[in-house]
1. Taking the convex hull of the Cα atoms, report for the range 192-323 its projected area averaged over all directions, in nm².
2. What aspartates and glutamates sit close enough to residue 266 to cross-link, taking a C-alpha to C-alpha distance under 13 Å and skipping anything fewer than 8 places away on the same chain?
3. Under a straight-distance cross-link criterion of Cα-Cα below 21 Å, which lysines are reachable from residue 327, leaving out those fewer than 8 residues away in the same chain?
4. For q values of 0.16, 0.22 Å⁻¹, compute log₁₀ I(q)/I(0) with the Debye formula on a Cα-only model of the range 23-135, without solvent.
5. Only counting other Cβ atoms within 10 Å, I'd like 310, 267, 190 sorted with the fewest neighbours first.
6. 222 nm [θ] for the chain, helices only, -39500 (n - 2.57) per DSSP H run of 4+, per residue, to 500?
7. Relative contact order for the range 128-256: what is it in percent, counting Cα pairs under 8 Å that are at least 6 residues apart?
8. Past 31 Å, Cα to Cα, is the threshold; run 12/86; 54/151; 12/164 against it and keep the listed order.
Amino acid sequence: MPEQNIPQKELKYYRLMEDLKAKILSGEIRTGDKLPSENELSMQYQVSRQTVRKALSIMENAGYIYAEHGRGTFCSELVRHSKNSKNIAVITTYLSDYIFPRVIQGIDSVLTREGYSIILKNTRNSRSQEARCLEELLQKDIDGIIIEPSKSQIYCKHIHLYQKLEEYGIPYVFIQGYFDQLRDRPHILMDDCKGGYMITRYLIETGHKNIVGVFKSDDIQGQNRHKGYAMALQEAGMTYDPDKIIWFYTEDRAIHPYESIKKMAKMHFPMDSIVCYNDQIAMKVIQALTDVGLKVPEDISVTGYDNSYMANSGGFNLTTIVHPQEKLGEMAAELLLKLIQNGDEFKTERNILIEPEIVIGNSCKKRE
């Protein structure tokens, strides 16, 4: 539960509990170590003994600690990972939204064939929720993890949990992003820089001169698609204008791109085309343009990314970049299985970039 959702009077026990859990998972408190007494914890954290008891009780129920009458409270041994549980954890930012069902379908098709079961988790693109998922999985008997990192462009503060996975010999594969501190770990990604370059170059080649970009700032995909956009402009000798870039975050993705494009259109900002972070954002952008009386592609061309189900409906076909969702899932599962079966002996093809492919629809019009 996010700290801001916890009643103020309960924050003290929650913070004590989270601090002790962090020390256990980081190895500062080791298996068998005796925890400070209730009195010592009460003094150390400046809380009542009742608060200490509540925190310790919850941790004991969760399996982090155990109490021995007359001796004290001790750190439990976390689950011994047998490496043949036939359980694989899959952590995604969302489960039912957008492209994720097909990615999971691809993962499932490979793992089921090999006799594995999936433990499915989602973070809703929350860093704290990702940490909680990893903490929980460290106490389950699993053979490996496929994970889409939350807000992958932002510095990761729970690297110690990934280090704990490595200590336990649990392999993991990143999909659709990675944290910079873990860039050398196994991952499978779209070549998003090249994809952003290709879609922008297409607009330039079809005569567009005022190309606005809408990109997500808190994941590596958005940063790389923006980088490709800038590369295409530079190659064409066109000036990069930061005023033509709209950055949005996970939390404001539903409204910020829509409102920003609507405002630019009302102000008659010079734009003849818009490169969008993905198809979902492209549809919001198209709605904004429609709401101010502009037509796509007659007035403004719009492109997407992912070639999702929403890119094609009722005769409308978005110009977009193909995202082989199911294939990406299959490749991630196959890579993880190789890591499980061969461990450190498997040295090649750990970091895979999928080549982008552009799909030309009817959302763009050639400009003179």
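Computed from the coordinates by the stated procedures, all read-outs in this text should not be read as laboratory data. All figures in this text were calculated on a predicted structure; none of them were measured in a lab. Glycine also receives a Cβ, built like all others from the backbone with ideal geometry; neighbour counts cover every protein chain displayed.
1. Numbers: hull surface 29.3 nm².
The orientation-averaged projected area of the Cα hull of the range 192-323 comes to 7.3 nm².
2. Cα-Cα hits under 13 Å: 291.
3. Leaving aside lysines fewer than 8 places away in the same chain, those within reach of residue 327 are 121, 194, 338.
4. -0.89, -1.21
5. 267, 310, 190
6. So the helix-based figure for the chain works out to -12500 deg cm²/dmol.
7. Relative contact order here is 23 percent.
8. Violating the 31 Å limit, Cα to Cα: 12/86; 54/151.
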